[in-house]
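The values are calculated or read from the model by the stated rules, or taken from the named source; none is laboratory data. Predicted model only: the values in this text are computed from it and were never measured. Here Cβ is always computed from backbone atoms with ideal geometry, including for glycine, and neighbour counts include all displayed protein chains. To get the accessible areas, we keep the full protein, side chains included, count just its heavy atoms, and leave off ligands, DNA and RNA. Shrake-Rupley method; radii C 1.70, N 1.55, O 1.52, S 1.80 Å.
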Amino acid sequence: MAEIAIRNVTKTFHDRARARDILAVDTVNLTIADHDFVCLLGPSGCGKSTLLNMIAGFEKPSTGSIEVGGARVERPGADRGVVFQQPTLMPWLDVADNVAFHLKLKGVRRRGRREQAQSFIDLVGLTGFERHFPSELSGGMNQRVGIARALLMNPRVILMDEPFAALDAQTKMEMQEELVRIWERIRCTIVFVTHSVDEALVLGSRIAVMTRRPGRIRDDFAFDLPRPRDVTSPAFNDAKRRILSLIRDEAATARRAA
Ligand SMILES: Nc1ncnc2c1ncn2[C@@H]1O[C@H](COP(=O)(O)OP(=O)(O)O)[C@@H](O)[C@H]1O
Ligand SMILES: [Mg+2]
């Protein structure tokens with residue numbers, strides 16, 4: 001079943017200061033299967049966040065439509081968990097209260113909130129840090145809190161916007177491995193935005209390569225290399241070569257057009 005169906009989606013922003021329209025996303029068609037782990041790969045400014053924000057319901061497509069689980073996306077919803085580059089935690093709440101934040105909004109009592117939060121705190125490897133505050137945690141740990149918070153609502157889909165981009169190389173690698181482990185456990189659908197070819201290849205079971213702005217889908221392929229993936233293996237490097245050559249072609253085309 002198609003979990004996410006993106007049909008002929010374009011997005012135009014109006015740039016008021018310059019009194020002109022900016023075409024950010026151009027005629028994107030993408031169908032994402034249930035349980036898939038899709039990486040949207042593209043250079044910065046190509047429209048990745050815009051596309052993700054439209055799936056999340058934060059932005060509306062200018063034309064075309066997006067469906068999640070068969071229902072048209074009109075606004076944000078509990079069926080879609082979102083993880084941002086910065087985890088946007090509440091600094092005055094401890095880990096457990098941050099993870100359970102949505103439950104508080106729903107009126108669930110403190111004890112129930114703590115209980116539900118605990119299994120997700122355990123899942124992301126933060127057992128023992130329930131009473132810590134965001135300022136007492138590392139960047140990687142704060143990002144784990146953001147992931148636990150997104151998982152808590154048992155969403156069908158997790159939307160992740162460069163969640164590990166601000167982390168150091170080693171923490172990033174650990175978080176990538178952890179995310180794959182979590183995905184294998186809970187089997188939700190993940191759409192993961194990144195500008196890193198390596199990250200897309202470490203994570204994705206499918207990789208959609210976007211062009212520069214206006215963002216279009218340049219290539220889209222399944223990548224079923226077994227996990228954990230060996231980044232030095234021939235299969236990994238074959239796929240990397242394929243993507244890099246696409247990117248080079250694209251850059252050359254852009255230079256000729258300029
Ligand atoms: N709210 C907005 N108003 C005007 N322009 C925007 C807005 N959001 C994004 N853009 C423009 O749309 C393009 C794509 O942005 P974005 O989706 O953030 O790219 P990416 O996430 O790939 O780096 C950029 O040129 C950006 O300046
Ligand atoms: Mg972005």
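The tail of the calculated P(r) for the stretch 131-258 beyond 19 Å holds 56 percent of all Cα-Cα pairs. Counting charges near Phe221 (Lys, Arg +1; Asp, Glu -1) among other residues having Cβ under 15 Å from its Cβ returns a value of 0.
Compute the acute angle (0 to 90°) between the alpha-carbon long axis of helix 110-123 and the principal axis of greatest extent of the alpha-carbon atoms of the chain; round to the nearest 10°. Its long axis makes an angle of about 50 degrees.
Most simply put, the chain has about 55% antiparallel DSSP beta bridges, counting only bridges with both residues inside it.
A 1.4 Å probe run over the chain, with the rest of the protein chains in place, finds 49 Å² accessible per residue. For the peptides 30-36, 189-195, residues were scored by their other Cβ atoms within 10 Å and the scores averaged per peptide; the highest-first order is 189-195, 30-36. If you look at the Cα atoms of the chain, you get an Rg and a Dmax of 18.8, 62 Å.
The stretch 19-41 and the stretch 190-258 have Cα centres spaced 14 Å apart. Taking one equal scatterer on every alpha-carbon of the stretch 27-96, how large is log10 of I(q)/I(0) by Debye at q = 0.17, 0.22 1/Å? Cα-only, vacuum Debye calculation for the stretch 27-96: -0.76, -1.15. Cross-link reach is defined here as a Cα-Cα straight distance under 20 Å, omitting same-chain residues fewer than 8 places apart; for Lys106 the aspartates and glutamates meeting it are Asp79, Asp94, Asp97, Glu115. Expressed as a whole percent, the accessible area of the stretch 38-159 that falls on carbon and sulfur atoms is 52 (1.4 Å probe). First check a/c for the stretch 177-236, with a ≥ b ≥ c the square roots of the eigenvalues of its C-alpha gyration tensor; if it is under 1.5, answer rounded, and if not, answer prolate when a/b is larger than b/c or oblate otherwise. Here the stretch 177-236 falls in the oblate category. When peptides 83-95, 141-153, 242-254 are ranked by their average number of other Cβ atoms within 10 Å per residue, the highest-first order is 141-153, 83-95, 242-254.
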